[in-house]
Ligand code: GLU
C-alpha cells in the first residue's frame, strides 16, 4: 500500500519527474546525462541533482563531502535490479536507479558516483568498515542484520521463489523440494538460510553470486535456484528457452537501503525521499520492471 502524500511532497516529486521527462526527450536541462564517468548510458542520470544539501549529524554525508564522491554498494549480475553490461559498461536496474536517486538528492551527479559490486555475504562488513556510503541491492531488512547496520525503507517487497529448467516438470513449487533436488543460492542470503532451517532434508549448494547458481542450473549440477522472485524473473527473462520461475513467493522480503548504524540522519533523509517521492519511485519501477510482470506497489517506510 502506498502512503498518502502531501501536496508539498508531490511538488518535490514532480520537479524531479520533470527532469526525468526532459532527459528522456533529450533536453539540455539534463546536465549529467551519460557524459560523466566511465560508466552509464544515455539515460543513467535521470534525476535533478540537489544543491546546497545540508545533512547535519550524518557522519556518512560528512565523509561524502570530504572526498567529493559517493561510494555505493550494488549488485551487478541481477538483470532488472542491479546489472552491469560489460560490453557497454552501462549499469541498469531498479536498485541502481534507486541508488542514483539517493545520490542526486544528496547533491551528487553520475560522475561523482563510484559503484562497488558487493556480494550478499559481504554487505554488513562493507558498511561497518566504511567501504561504502550505502548499499542498494536486493537487501532484505532483517533483525539480525539490524544488529550491525541500519536500513532505510522498505522501498520494495518481494518474496522467495524458485527457478528451474524450462523442461523440469517435477518441481512446481517449494513443496516439491526433497532429498533429490539440490537447491542453489547465495552465501549469506536469507533464502539459503530459509532452506537450511525449514527444508533441512533438501541439499544445498552455494556461491557468492546468483549468476553462478544459474550456471549450475543450466549445466544440471543443481535442480533449482532459490532467491527473491524479482531476481529470478530477471534471469528467466534473459533465457526463457531454458529457465522458468515456478510457484508463488513463499517468504516476504522487504528491501532496504543498508547504511551505517549510527547514521539516523541519513536514514531519515532517505525515508523522507521514499515517503515524498512516490512518483519518482513509480517512474523508476516502470522504467526497469514495468514490463517484467512483477506486480508491486510502493510500500510505506517503517
Ligand atoms: N533479499 C535476500 C537477501 O537479502 C536475497 C537476495 C540477496 O542475496 O541479495 O538475502
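What do you get when you divide the Cα radius of gyration of segment 170-213 by 2.2 N^0.38 Å, with N the number of residues?
Numbers: Rg = 10.1 Å, N = 44, 2.2 N^0.38 = 9.3 Å.
Against the compact-globule rule of thumb, the ratio is 1.09.
What list do you get for 156, 115 if you sort them by fewest beta carbons within 10 Å?
On the way: 156 26, 115 23.
Listed from fewest to most nearby Cβ atoms, that is 115, 156.
Which value at 222 nm does the chain reach when only helices count, each DSSP H run of 4 or more adding -39,500 (n - 2.57), with the total divided by all residues and rounded to the nearest 500 deg cm²/dmol?
Details: 10 runs with 104 residues, N = 302.
About -10000 deg cm²/dmol.
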Roughly what angle does helix 278-289 make with the longest principal axis of the chain, taking Cα atoms, 0 to 90 degrees, to the nearest 10? 40 degrees
By its C-alpha gyration tensor, with a ≥ b ≥ c as the square roots of the eigenvalues, how is segment 170-249 shaped: rounded for a/c under 1.5, else prolate for a/b larger than b/c, else oblate? rounded
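If I stretch the segment between residue 300 and residue 261 completely, what's the gain in nm (0.36 nm per residue apart, minus their alpha carbon distance), one decimal? Walk me through the intermediate numbers first.
Values: separation 39, 0.36 × 39 = 14.04 nm, distance 2.08 nm.
Result: 12.0 nm gained on full extension.
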Calculate, for residue 69 and residue 173, the FRET efficiency according to 1/(1 + (r/R0)^6) with r their C-beta to C-beta distance and R0 45 Å; round to the nearest 0.05. 0.50
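For 204, 138, 92, 181, what ranking results if the residue with the fewest other Cβ atoms within 10 Å of its Cβ goes first? Before the final figure, lay out each step's value.
Details: 204 16, 138 25, 92 22, 181 19.
So the ranking, lowest neighbour count to highest, is 204, 181, 92, 138.
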Quotient of Cα Rg and 2.2 N^0.38 Å for segment 68-108, N being how many residues it contains: 1.17
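For segment 143-217, what is the convex hull volume of the alpha-carbon atoms per residue, in Å³? Please list the in-between numbers first.
Values: hull volume 8.9 nm³, N = 75.
So the per-residue Cα hull volume is 119 Å³.
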Nearest 10 degrees, 0 to 90: what angle lies between the long axis of helix 94-106 and the longest principal axis of the chain (Cα atoms)? 20 degrees
In the Gaussian network model of the chain, springs joining C-alpha atoms below 10 Å, which of 237, 186, 260 carries the largest mean-square fluctuation? 237
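How high is the relative contact order of the chain, in percent, with contacts defined as C-alpha pairs under 8 Å that are six or more residues apart?
Working: 615 pairs, mean separation 77.6, N = 302.
So the answer I get is 26 percent.
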Based only on the alpha carbon positions, what is the Kirkwood hydrodynamic radius of segment 71-194, in angstrom? 16.3 Å
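Once a ≥ b ≥ c are taken as the square roots of the eigenvalues of the Cα gyration tensor of segment 43-140, is the result rounded (a/c under 1.5), prolate (a/b larger than b/c) or oblate (a/b not larger than b/c)?
Numbers: a/c = 2.04, a/b = 1.23, b/c = 1.65.
It comes out oblate by the Cα gyration axes.
I'm checking a number: the convex hull volume of the Cα atoms of segment 162-302, normalised per residue, in Å³. What is it? Can you show the working numbers first?
On the way: hull volume 17.5 nm³, N = 141.
Normalising the Cα hull of segment 162-302 by residue number yields 124 Å³.
Which three semi-axes in whole Å describe the equivalent ellipsoid of the chain, each the square root of 5 times a Cα gyration tensor eigenvalue, listed largest first? Kindly include the intermediate steps, with their values, before the conclusion.
Values: eigenvalues 222, 85, 64 Å².
Values for the chain, descending: 33, 21, 18 Å.
What ranking do 232, 218 get, fewest neighbouring Cβ atoms within 10 angstrom at the top?
Working: 232 28, 218 15.
Ordered by Cβ neighbours within 10 Å, fewest first: 218, 232.
Each value in this text was obtained by applying a stated rule to the coordinates, not by laboratory testing. As the structure is a computational prediction, the values presented were derived from the model and not from experiment. Note that each Cβ is placed from the backbone with ideal geometry, even for glycine, and that neighbours are counted across all protein chains shown.
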